[in-house]
Amino acid sequence: MTNLLKVEHLSKQFKGHPVVKDISFNIEEGHCVALLGPNGAGKTTTLHMLTGLLKATSGHIRLLVNGQEVADPRQYIGYLPQTPTFYPWMTGQEFVQYSAELSGLTLLEARGRTKEWLEQVGLTDAARRKIGGYSGGMKQRLGFAQALIHEPKLLILDEPVSALDCGA
């Protein structure tokens, strides 16, 4: 297996207070990795640095695609935050298609994958309903669809089952 992600001596401070302290690890392609620790341990902060949402105080994060470091890793990352937010006036179908187009898929690709992913996450019957009427679990499943729609090399999930339900 080849390395997909290399994290070297990553640290983050807020107002001089260390939150993440000198962590290093590698993730190989095809592997699943979990960050475990109590509340306040820096897990979400670390994930925010990995996604590019937060700048590290020090250290390096390198995403490798086909063995080569990529300058802008965003197109290769799928991210589901701990508490996803949506546009309540959009339908689930509109939101997933919008996410697909934002990630660079053509309109035709976006439509096809939207249908596929809404089916995969069990939201086919609710696809044309406004997101504002979705339950918390339905929103979490919608978040999975938007995170996976562009087939990312690296999928980052922050507390992915916190509001997950098993049905509509």
Practice problem: Could you check, for the stretch 115-134, whether at least one of its residues is farther than 21 Å from ALA34 by Cβ and at pLDDT below 95? | Solution: no
Quiz item: Within the stretch 40-58, can one find any residue that is out of contact with any Cys (no Cβ under 6 Å at 6 or more places or on another chain) and in a strand (DSSP E or B)?
Solution: yes
Exercise. Would you mind finding the one in SER24, SER11 that is in contact with a Lys or Arg (Cβ under 7 Å, 6 or more places away or on another chain) and more than 16 Å from LEU157 (Cα to Cα)?
Key: SER11
Quiz item: What tally of residues in the stretch 20-39 results from selecting those that are among the acidic types (Asp, Glu) and either surrounded by fewer than 11 Cβ atoms within 10 Å (Cβ to Cβ) or in a strand (DSSP E or B) (or both)?
Solution: 2
Exercise. Would you please name the residue that is surrounded by the most Cβ atoms within 10 Å (Cβ to Cβ), looking only at residues in the stretch 88-108 that are more than 17 Å from the chain's Cα centre (by Cα) and not hydrophobic (A, V, I, L, M, F, W, C)?
Key: GLY92
Exercise. Find the residue count for the stretch 67-83, including only residues that are surrounded by 17 or more Cβ atoms within 10 Å (Cβ to Cβ) and farther than 18 Å from GLU151 by Cβ.
Key: 1
Quiz item: Could you say whether any residue in the stretch 94-102 is touching a Phe, Trp or Tyr at 6+ places or on another chain (Cβ under 8 Å), at negative phi and outside any strand (DSSP E or B)?
Solution: yes
Practice problem: For SER103, work out the one condition from (1) polar (S, T, N, Q); (2) more than 27 Å from LEU4 (Cα to Cα); (3) touching a His at 6+ places or on another chain (Cβ under 6 Å) it doesn't fulfil. | Solution: (2)
Quiz item: Of THR124, THR85, which residue is assigned to a loop (DSSP other than H, G, I, E, B), without any contact (Cβ under 8 Å) to a residue 12 or more places away in the chain and under 15 Å from the mean Cα position of the chain (by Cα)?
Solution: THR85
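The values are calculated or read from the model by the stated rules, or taken from the named source; none is laboratory data. As the structure is a prediction and not an experimental result, all values here were calculated from the model. We place every Cβ from the backbone using ideal geometry, glycine too, and count neighbours over all the protein chains shown.
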